[in-house]
Amino acid sequence: MDLGLSGRRAAVAASSSGLGLAAARALAADGVHVALCGRDAHRLADAVASITEAGGSAVGLGADVSTVAGATAFVAAAHDALGGVDILVANGGGPPAGTFATTPLEAYAPALELSLLSTVAMCTAAVPAMQVQGWGRVVAITSISVRQPIANLILSNTARAGVTGFLKTLALEVAGDGVTVNSVQPGSHATDRLRSVYGEDLSAVAADTPMGAVGRPDDFGAVVAFLCADQARFITGAALPVDGGAYRALQ
């Protein structure tokens, strides 16, 4: 499917690996010029090469989007490198694990900066120019924990819920300006991050998913790209689970 995105410019945060890289690849495959970012220079270079060797257009930017300053700087650098930003894929790592009993109060502020305020900062840097030009797409990669809190991840559950409220509010405020704002809520996908937690054998994770499998990152990336497409122009304020049926409630 032609997504109608050829020539657009995308800043894809935390995209040197995992779901961020999958999103960047999917956008580049449709002719989008993508700016990737990461903290590891070698891994970032490999990510850029994986796109350019497939015929896509990509530039790598060393950046740490875990802070407000770093997130803002990444969007500014992407704007300079690409000549503008039409698409923002907000993404980032998660805070440390813990329960209410084991998580000290002082751990909440950095967790909120990492998984909430960094996205607010990226939107603040990117969205006004989208409004002026009358076209823009924001897609945030969050977590299924927004709908169904995950045990031992109280910091992530709290911050991700907050960013979802922000994104929904932003979507309503900029809908009339030709800018859509959506989020995608991944379940378990076969990424390096998942393997670092469970090892190479992901069969136990797969067994806990109604589809009996973990997700493929490239399929997830294709969902992100679709939400940026011309065909998705009437979708905004949505929070879409991509989890193989792991979320079981009706709403």
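The values are calculated or read from the model by the stated rules, or taken from the named source; none is laboratory data. All values derive from a computational prediction rather than experimental measurement. Here the Cβ is made from the backbone with ideal geometry for all residues, glycine too, and neighbour counts use every protein chain on show.
Okay, here's what the table says:
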{"read-out": "Candidate set: the range 143-185, residues that are of a type in the set (Gly, Ala, Ser) and in a loop (DSSP other than H, G, I, E, B); chosen: the one surrounded by the most Cβ atoms within 10 Å (Cβ to Cβ)", "value": "Ser143"}
{"read-out": "Some residue of the range 39-46 being in contact (Cβ under 8 Å) with a residue 12 or more places away in the chain and crowded, with 24+ Cβ neighbours inside 10 Å", "value": "no"}
{"read-out": "Leading residue by the ranking (farthest from the chain's Cα centre (by Cα)) among those in the range 98-109 that are within 30 Å of Ala171 (Cα to Cα) and surrounded by 15 or more Cβ atoms within 10 Å (Cβ to Cβ)", "value": "Ala107"}
{"read-out": "Qualifying positions in the range 76-97 - at pLDDT 95 or above and either among the polar types (S, T, N, Q) or surrounded by 19 or more Cβ atoms within 10 Å (Cβ to Cβ) (or both)", "value": "Ala78, Leu82, Val85, Asp86, Ile87, Leu88, Val89, Ala90, Asn91"}
{"read-out": "Filter result (under 29 Å from Arg25 (Cβ atoms), touching a residue at least 12 places away in the same chain (Cβ under 8 Å) and not in a loop (DSSP other than H, G, I, E, B)) within the range 76-110", "value": "Ala76, Ala77, Ala78, His79, Ala81, Leu82, Ile87, Leu88, Val89, Ala90"}
{"read-out": "Test: residue in the range 42-52 that is assigned to a loop (DSSP other than H, G, I, E, B) and not aliphatic (A, V, I, L, M)", "value": "no"}
{"read-out": "Residue check for Ala28: in contact with a strand residue (DSSP E or B) (Cβ under 6 Å, 6 or more places away or on another chain) and under 26 Å from Gly187 (Cβ atoms)", "value": "yes"}
{"read-out": "Filter result for the condition that a residue is hydrophobic (A, V, I, L, M, F, W, C) and at pLDDT 85 or above, over Val179, Val197, Val214", "value": "Val179"}
{"read-out": "The one condition in (1) closer than 18 Å to Gly84 by Cβ; (2) free of Cβ contacts under 8 Å to residues at least 12 places away in the same chain; (3) assigned to a loop (DSSP other than H, G, I, E, B); (4) not β-branched (Val, Ile, Thr) that Ala73 fails to fulfil", "value": "(3)"}
{"read-out": "Sole residue being in contact with a helix residue (DSSP H, G or I) (Cβ under 9 Å, 6 or more places away or on another chain), crowded, with 23+ Cβ neighbours inside 10 Å and either modelled with pLDDT of 95 or more or within 21 Å of Leu117 (Cβ to Cβ) (or both), chosen from Ala24, Ala69", "value": "Ala24"}
{"read-out": "Meets criteria (closer than 17 Å to Gly94 by Cα, surrounded by 24 or more Cβ atoms within 10 Å (Cβ to Cβ), touching a Leu at 6+ places or on another chain (Cβ under 6 Å) and in contact (Cβ under 8 Å) with a residue 40 or more places away in the chain) for Ala140", "value": "yes"}
{"read-out": "Residues of the range 1-41 classified as small (Gly, Ala, Ser), under 18 Å from the mean Cα position of the chain (by Cα) and outside any helix (DSSP H, G or I), total", "value": "9"}
{"read-out": "The range 233-247: number of residues that are at pLDDT 90 or above, part of a loop (DSSP other than H, G, I, E, B) and within 11 Å of Val184 (Cβ to Cβ)", "value": "1"}
{"read-out": "Identity of the residue in the range 53-66, in contact with a Cys (Cβ under 8 Å, 6 or more places away or on another chain) and either assigned to a strand (DSSP E or B) or of a type in the set (S, T, N, Q) (or both), that ends up surrounded by the fewest Cβ atoms within 10 Å (Cβ to Cβ)", "value": "Gly62"}
{"read-out": "Test for Val127: is it out of contact with any Cys (no Cβ under 7 Å at 6 or more places or on another chain) and under 23 Å from Val174 (Cβ atoms)", "value": "yes"}
